[in-house]
Amino acid sequence: MNSAAAACASAPARVVGGGGGGGGGARSARGPCGIRVCGLGGEAVARRSLRISQGAAVRRAAVAARAAAENGVAGSGGFDYDLVIIGAGVGGHGAALHAVEEGLKTAIIEGDVVGGTCVNRGCVPSKALLAVSGRMRELHDEHHMKSLGLQVSSPGYDRQAVADHANNLASKIRSNLTNSMKALGVDILTGFGAIVGKQKVRYGKVGFPDKEITARNIIIATGSVPFVPKGIEVDGKTVFTSDHALKLESVPDWIAIVGSGYIGLEFSDVYTALGSEVTFVEALDQLMPGFDPEIAKLAQRVLINPRNIDYHTGVFASKITPAKDGKPVQIELIDAKTKEHKETLEVDAALIATGRAPFTKGLGLENINVVTQRGFIPVDERMRVMDADGNVVPNLYCIGDANGKLMLAHAASAQGISVVEQISGRDHILNHLSIPAACFTHPEISMVGLTEPQAREKADKEGFEISVVKTSFKANTKALAENEGDGLAKLIYRPDTGEILGVHILGLHAADLIHEASNAIALGTRLQDIKFAVHAHPTLSEVLDELFKAAKPREGPERKPKHPPQPLLKVLSFVTRLLTSQKQNRQP
């Protein structure tokens, strides 16, 4: 099953992301907030398995008791499992691990390979390629090297070795995820899963008899696949999607990238660093339409204009024909508005980076009166599946790319954790505006919350004002020490309350810096308070420090909320339960 797109980051409509699981990155090791990071090592898994098995014993007994009380039978209320998850991408994996912690008997069904798109065809291998492109780009920047007192001559690369690096990383992370679930007692069932009725799932492989199991609760986490518009013929060699591109079977001299979102932008970084000429084909009137406009403008100046990249905006690729019989790839461009023919491009290869489409066919949704919307499974704010009549389907949830709320690997994981909280008897609603996204170009781009146009639209509608402050990486000592002063951080906030509405960063390690803002939004922290936080000097984190200090929220009675925000209460509750469990386990 699929889970996240090549970049693990998001944009409106069709975007990279995760449904069993991008952006900015996959997750597996758990902290107090349930955040996971792909790549849990073997020793860590063993230690974690012991802690969880001890801590979950009491909760497992409570679950069994609750099931018996509700159904008058022992075990999991007469069901084979407390929870069955269809799809073992990052979202499914995150839900499974949290379910085990909560004492739920859990199974996960996977028809392809564990890790989904993110680990196998998305976030993970793309970051391996981008690590190479970053180093190649730096080594080729003679001015940058000389400014640091370094001399480098004739840097080169081995294409197959680069491809092997990406493949080996994906294999390692896939193995780690599989081992982590096995060590924690999650049953991994192989085959394609489908819902056959209320709390019933059938799974199996082609050529083998199907098996049917029952579950008190079911989570659909089947993710997404690359979206290929009509008229485009994909041969996997000269016309291909991100799935094929990550294998790096060739480095074309001239490649057209259809779509300038996160996927396209990251691959332009890879290909230009390895020596390719790139041409963007974008249907909208500007490049990078999903970004904050000011950040997109700066990104074009830093990531597009200085490089061997040209572009066509406001055009559709109405037809793309793969190279054959000695002829190059042909791309017919038409005006996006008038549909009139503009020109025909002839290139060596074409990457189709037009986003992601939900993988929801063959799930048996018709058996429970569920109708998809543009392929997405309709859900409410608690990820509960809605039927064709607008009613909640009991005990059925959908997370990640398959529901289309936010197509990011870590969003899928967070949604899965939220669902398990509900299954465990604690109501939980995920704040999607607190989920960050990132584009791992050089330099990186990251964001959380609203763009400036979105914030202004919201302010006009709800009757409040917004303010915007910015700070430059040129004022940061660590960035200057690295000779990486090109960068900007932007804060959008409400001056009347100090609420953070959005933060956007372009610069060195922007993907890492964004989480301070993300957590502030999640925890409801106001600017009046966060501006007193202390940051180590000299570090890049001071970019955010300066940004928060530059804001001028009004003082007043609304400075602090009367009660801790819900996410903070969840963290405190988790810590309390963990400490109590450990204390009970230490007693003779």
Protection proxy ranking of 342-350, 250-258 - average other beta-carbon atoms within 10 Å, highest first | 250-258, 342-350
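Rounded to two decimal places and with Rh computed the Kirkwood way over Cα pairs, what is Rg over Rh for the stretch 407-544? Mind dumping the intermediate values first?
Details: Rg = 16.2 Å, Rh = 16.1 Å.
Result: Rg/Rh = 1.01.
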Mean projection area, nm², convex hull over Cα of the stretch 239-354 | 7.0 nm²
Check: in the stretch 152-302 the Lys pairs 8 or more apart or on separate chains whose Cα atoms fall under 27 Å apart number 12
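Suppose a student asked you for the relative contact order of the stretch 395-543, using Cα pairs under 8 Å spaced at least 6 residues apart; what percent would you report? Show your work: numbers first, answer last.
Details: 248 pairs, mean separation 32.0, N = 149.
21 percent.
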In whole Hz, the Karplus estimates of ³J(HN,Hα) for the stretch 81-90 (6.51, -1.76, 1.60; θ = phi - 60°; x where Gly or Pro) are 9, 6, 9, 10, 10, 9, x, 10, x, 4
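Which FRET efficiency value, to the nearest 0.05, is calculated for V152 and V468 with the Förster distance at 41 angstrom and r the Cβ-Cβ distance?
On the way: r = 40 Å, r/R0 = 0.99.
Calculated transfer efficiency: 0.50.
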Can you give me the Cα centroid spacing of the stretch 478-555 and the stretch 401-421 in angstrom?
-> 26 Å
With every protein chain left in place, what is the accessible area of I188 in Å² (1.4 Å probe, nearest 10)?
-> 50 Å²
Using a simple spin-label model with points 7 Å from Cα along the Cα→Cβ vector, what separation in nm is obtained for K324 and F208?
-> 3.6 nm
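Could you rank the peptides 501-509, 273-281, 89-97, 393-401 by their average count of other C-beta atoms within 10 Å per residue, with the highest value first?
On the way: 501-509: 25.3, 273-281: 20.1, 89-97: 36.4, 393-401: 29.1.
Put in order of decreasing packing, that is 89-97, 393-401, 501-509, 273-281.
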Give me the accessible area per residue for the stretch 437-550, probe 1.4 Å, as a whole number in Å².
-> 40 Å²
Using a cut-off of under 17 Å, list every residue of the stretch 252-294 whose amide N is near the label point 7 Å from the Cα of E457 along the Cα-to-beta-carbon line.
-> 284-286, 288-294
Two-site label geometry, A475 and K531: point separation in nm, points 7 Å out along Cα→Cβ | 1.3 nm
Rounded percent of accessible protein surface that carbon and sulfur make up, the stretch 445-485, 1.4 Å probe | 45 percent
Give a residue-ordered list of calculated ³J(HN,Hα) values for the stretch 457-472 (Karplus: 6.51 cos²θ - 1.76 cosθ + 1.60, θ = phi - 60°; whole Hz; x for Gly, Pro).
-> 5, 5, 5, 5, 6, 9, x, 9, 9, 10, 10, 10, 10, 9, 9, 9
Any idea what log10 I(q)/I(0) is at q = 0.16 Å⁻¹ for the stretch 168-294, Debye with uniform C-alpha scatterers and no solvent?
-> -0.99
Checked against the positive end of the charge dipole of the stretch 239-354 (+1 on Cβ of Lys and Arg, -1 on Cβ of Asp and Glu, about the Cα centre), the farthest of A336, I304, V281 is A336
Using the structure shown, list the pairs from K405/K458; K127/K324; K339/K458 with a Cα-Cα distance above 26 Å, or answer none.
-> K127/K324; K339/K458
Just going by the charge dipole of the stretch 437-550, with Lys and Arg at +1 and Asp and Glu at -1 on Cβ, which of N483, A438, F548 is farthest out on the positive end?
-> F548
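In Å², what does the accessible area per residue of the stretch 248-353 work out to with a 1.4 Å probe?
On the way: 4350 Å² over 106 residues.
On a per-residue basis, the stretch 248-353 sits at 41 Å².
The values are calculated or read from the model by the stated rules, or taken from the named source; none is laboratory data. Treat the numbers as computed from the prediction; the structure is a model and nothing was measured. Don't worry about glycine lacking a Cβ; one is built from the backbone with ideal geometry, like all the others, and counts go over all protein chains shown. Please note that ligands, DNA and RNA were not included when accessible areas were found on the heavy atoms of the full protein model with its side chains. Shrake-Rupley method; radii C 1.70, N 1.55, O 1.52, S 1.80 Å.
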